[in-house]
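**Student:** Take this structure first; my questions come after.
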Amino acid sequence: MNRRKFLDSTLKTISAASCAPILTNTLRALAPLQAPTTAPPRNANAPRPQLALTMDDPTLKLDANLRWTDANPRILKALDARNVRAALFVCGMRVDEADGSKLLSAWDQAGHQICNHSYSHLNYCGPTPYADFAVDFLKNEKIIAPYRNKTLLFRYPFLKEGDTADKRDRFRTLLKESGYRVGHVTIDASDWYVNQRMADRLSREPKFNIQPYRDYLIAHLLDRAAFYRQLAMDVLGRDIRHTLLVHYNTLNALVLPDVMQAFETAGWQWIDASLAFQDEAFRQQPKTLPAGESLVWALAAETGRFKDRLRYPGEDDVYEEPKMKALGL
Ligand SMILES: [Zn+2]
């Protein structure tokens, strides 16, 4: 199932989750995170690679395992504990009711960037024409308008920036005219799929301990971070400030402190999203087709020199499914 289908099916299962039991047993049973034995040796004087957390698709309807009113403070607390500000990419249709402003206000008041992720989450590499995509982007302006920390960064749904040069370039022009920049992801991953498999498991076995899903997620994110960091160094000749993509979901709400700790143990430093997006790398506009994916992926593809290291799409469920199945997850 690709990202588009995933979101469709998520929307269908939501209505079944009228009563959301909280995963208290699971949480109590979650063992403390073990320090990975494979953490690379680090010269104390060497600068640490930096990354910011960017979170997509905040929603009032998570799944049967957690309510947004429990997820929201958990995520915000994890960020506050490290004193970093994230960028939240808001897709209007998921928060467009009275409670949505409560969800977003909590992020706004905590100083996080409130950014545009379109209203309807259309796939711009699909049949969606420019005009529809443009209207949908502008419609979402109203959703994020009330917030002090509204930030003119746009993230393409599915990281798809257009399947023709005409669509790609026309929308880039609209963004520029609207004062926007692209809220690029540099470290892409499939956290949404790990969460989806965990939710499926819990629907069959409500008392299943989620620890192996947490551990898979952390290993996956660290692996992808190392891949995109090395690729960025090979393409640009330097370490850039990275932006990690994760989604607003149950798994992340439960284990974000462990994820953040694991990155630090592996040598990374968390920074504010506003600082990350100042990196010159984010001003580049790769002319690839179909356009999109991680910014690092697209910059690498544009050179034509990294074909052996690039797959398309850059990340998706098809790469994780066999590995998770082999682990019984
Ligand atoms: Zn999204």
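**Student:** Starting from the Cα gyration tensor of the stretch 215-304, take the square roots of the eigenvalues, sort them a ≥ b ≥ c, and report rounded, prolate or oblate (rounded when a/c is under 1.5, otherwise prolate if a/b is larger than b/c, else oblate).
**Tutor:** prolate
**Student:** How far is it, in nm, from the label point at Glu321 to the one at Ala219 when both lie 7 Å from their Cα along the line to the Cβ?
**Tutor:** About 2.0 nm, to one decimal.
**Student:** What's the carbon and sulfur percent of the chain's accessible surface, probe 1.4 angstrom, rounded to a whole number?
**Tutor:** Answer for the chain: carbon and sulfur cover 52 percent of the accessible area.
**Student:** Going through the stretch 243-329, which chymotrypsin sites (Phe, Trp or Tyr not before Pro) have at most 11 other Cβ atoms within 10 Å and a DSSP loop state?
**Tutor:** Taking the stretch 243-329 and a limit of 11 other Cβ atoms within 10 Å, no loop chymotrypsin sites (Phe, Trp or Tyr not before Pro) are found.
**Student:** Taking +1 at the Cβ of each Lys and Arg and -1 at the Cβ of each Asp and Glu, which of Pro157, Pro58, Val259 sits farthest along the dipole of the chain towards its positive end, judged by Cα position relative to the Cα centre?
**Tutor:** Looking along the dipole axis, the top candidate is Val259.
**Student:** What does the extension gain come out to for Thr173 and Ser203, with contour length at 0.36 nm per residue minus their alpha carbon separation?
**Tutor:** 6.3 nm is the gain from fully extending Thr173 to Ser203.
**Student:** Enter the Cα centre distance for the pair the stretch 62-123 and the stretch 258-297, rounded to the nearest angstrom.
**Tutor:** Each part reduced to its Cα centre gives a spacing of 20 Å.
**Student:** Rounded to the nearest 20 debye, what is the charge dipole size of the chain about its Cα centre when +1 sits on each Lys and Arg Cβ and -1 on each Asp and Glu Cβ?
**Tutor:** Here the size comes out at about 200 debye.
**Student:** As a test question: what accessible area, to the nearest 10 Å², does Thr173 have when a 1.4 Å probe is rolled over all protein chains in place?
**Tutor:** 70 Å²
**Student:** Right, something else. Answer rounded, prolate or oblate for the chain, using the Cα gyration tensor with square roots of eigenvalues a ≥ b ≥ c: rounded when a/c is under 1.5, else prolate when a/b is larger than b/c, else oblate.
**Tutor:** rounded
**Student:** Also, quick follow-up: Can you compute the charge dipole magnitude of the stretch 170-275 about its Cα centre, using +1 on each Lys and Arg Cβ and -1 on each Asp and Glu Cβ, nothing else charged? Give it in debye, rounded to the nearest 20.
**Tutor:** Roughly 360 debye for the stretch 170-275.
**Student:** Taking 7 Å along the Cα-to-C-beta vector as the label spot, tell me the Asp99-Lys77 distance in nanometres, rounded to one decimal.
**Tutor:** 1.9 nm
**Student:** Under the definition of Cα pairs under 8 Å and six or more residues apart, what whole-number percent is the relative contact order of the chain?
**Tutor:** For the chain, the relative contact order is 26 percent.
**Student:** With n ≥ 4 as the cut-off for DSSP H runs, can you work out [θ] at 222 nm for the chain, using -39500 (n - 2.57) per run divided by the number of residues, rounded to the nearest 500?
**Tutor:** -14500 deg cm²/dmol
**Student:** Explain nothing, just the number: dipole magnitude of the stretch 95-182 about its Cα centre with +1 on each Lys and Arg Cβ and -1 on each Asp and Glu Cβ, in debye rounded to the nearest 20.
**Tutor:** In total the dipole reaches around 300 debye.
**Student:** Put a dot 7 Å past each Cα toward the Cβ at Gln278 and Arg181; how far apart are the dots in nm?
**Tutor:** It is 1.0 nm.
**Student:** I would also like to ask the following. Between Lys287 and Tyr312, what's the calculated FRET efficiency when r is the beta-carbon distance and R0 is 22 Å? Round to 0.05.
**Tutor:** Calculated transfer efficiency: 0.85.
The values are calculated or read from the model by the stated rules, or taken from the named source; none is laboratory data. The structure presented is a predicted model; accordingly, all values stated were derived computationally and were not measured. Cβ atoms come from the backbone with ideal geometry, glycine included; neighbour counts cover every protein chain shown. Surface areas here come from the heavy atoms of the whole protein model, side chains and all, with no ligands, DNA or RNA. Shrake-Rupley method; radii C 1.70, N 1.55, O 1.52, S 1.80 Å.
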